[in-house]
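Take a look at the structure set out below.
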Amino acid sequence: MTKDQAIELLHKNMQNQNLRRHCYAVGFAMKGIYEYLDSISRTPAESVEDWQVLGILHDSDYEITKEDWTRHTILLLEWLKEFGMSETDPIYLAVMSHNNKVTGLREPVTDMEWALECCDELTGFIVACALVKGGKLSEVTLETVKKKWPQKAFAAGVIREQTEQCQEKLGVSLDGFISIVLKSMQENCDKLGL
Ligand SMILES: [Fe+2]
Ligand SMILES: [Fe+2]
């Protein structure tokens with residue numbers, strides 16, 4: 001699946017602009033993480049477009065399934081099959097690993113799957129940081145994020161532990177990981193409305 005096809009599928013099934021922007025943000029983050037891993041000779045097996053497609057797709061069924069979390073990703077997997085994607089496609093497998101705590105379909109294994117797991121919540125946290133800076137993502141720094149990170153009342157719904165696995169699972173320090181995701185989002189701030 002190409003990036004354009006992923007965006008088409010997303011737009012067909014998700015109308016809320018903020019929800020769409022979350023999917024774009026994770027897509028940009030995934031691209032940034034791929035490029036970083038490639039730069040340190042930990043080049044992923046998949047293509048950079050696959051990584052971005054996964055980010056764009058990962059919550060594309062959320063608007064329809066939000067009342068029933070057990071269907072989140074199950075519906076998306078049906079759409080991917082209808083599209084003609086093979087069940088052994090790395091993107092298909094990675095979608096199985098997302099929302100795994102609810103569906104029990106597949107534990108994350110590959111770097112692509114762990115990258116999604118680690119950056120998903122972080123993108124939301126960075127948006128929350130931008131909102132306290134008057135909605136200006138350009139004014140958010142690594143220090144802004146690090147200062148807010150231990151404050152439990154701030155963006156209380158964001159599960160920090162999910163992101164903190166980046167060191168163990170991807171060999172990237174938390175500071176490094178936050179910097180990569182922040183930069184990827186800042187470079188595309190116009191598309192994120194920030
Ligand atoms: Fe999700
Ligand atoms: Fe998400």
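We did not get these values from a lab; they are worked out from the coordinates using the rules stated. Quantities reported herein were computed from a predicted structural model and do not represent experimental measurements. Cβ: placed from backbone, ideal geometry, glycine included. Neighbour counts: every protein chain shown.
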Handout entry: Longest site-free stretch - the chain; sites: GluC sites (Glu not before Pro), DSSP loop, at most 16 other Cβ within 10 Å
Key = 88-186
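Normalised radius of gyration for the range 1-86, please: alpha carbon Rg relative to 2.2 N^0.38 Å, two decimal places. Walk me through the numbers on the way to the answer.
Numbers: Rg = 13.5 Å, N = 86, 2.2 N^0.38 = 12.0 Å.
Rg over 2.2 N^0.38 Å, computed on Cα atoms: 1.13.
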Handout entry: the range 135-194: radius of gyration and largest Cα-Cα distance (Dmax), Å
Key = 12.2, 33
Exercise for the section: Take 75, 80, 54 and order them by how many other Cβ atoms sit within 10 Å, fewest up front. Expected result: 75, 80, 54
Practice task
Any lysines with Cα under 25 Å of the residue 147 Cα? List them, leaving off those in the same chain fewer than 8 positions away.
Solution key: 133, 136, 169, 183
Handout entry: Sequence of 175, 68 once ranked by neighbouring C-beta atoms within 10 Å, starting from the fewest
Key = 68, 175
Exercise for the section: Express the relative contact order of the range 1-95 as a whole percentage, based on alpha carbon pairs under 8 Å and six or more residues apart in sequence. Expected result: 32
Practice task
Calculate how large, on average over all directions, the projected area of the Cα convex hull of the chain is; give the answer in nm² to one decimal.
Solution key: 10.3
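Could you compute the FRET efficiency for residue 39 and residue 190, with r as their C-beta to C-beta distance and R0 at 35 Å, rounded to 0.05?
For R0 = 35 Å, the calculated efficiency reads 0.90.
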Problem - Efficiency of FRET from Cβ geometry, residue 102 and residue 15, R₀ 22 Å, rounded to 0.05 - result: 0.40
Completion exercise
Between residue 70 and residue 132, the two model label points (7 Å from Cα along the beta-carbon direction) sit apart by a distance in nm of 3.8
Practice task
State the answer as a single residue: which of 138, 79, 178 lies farthest towards the positive end of the charge dipole of the range 3-192, with beta carbon charges of +1 for Lys and Arg and -1 for Asp and Glu, about the Cα centre.
Solution key: 138
Problem - the range 3-192, relative contact order in percent, only Cα pairs under 8 angstrom and at least six apart counted - result: 24
Practice task
Measure off 7 Å from each Cα along the Cα-to-Cβ vector at residue 141 and residue 2, then give the distance between these two points in nanometres to one decimal.
Solution key: 4.1
Handout entry: For the range 29-68 and the range 105-133, distance of Cα centres in Å
Key = 10
Problem - Debye, to nearest 20: dipole size of the chain, +1 on Lys, Arg Cβ, -1 on Asp, Glu Cβ - result: 800
Practice task
Net charge near residue 87: determine it from the other residues with C-beta under 13 Å of the C-beta of residue 87, scoring Lys and Arg +1 and Asp and Glu -1.
Solution key: -1
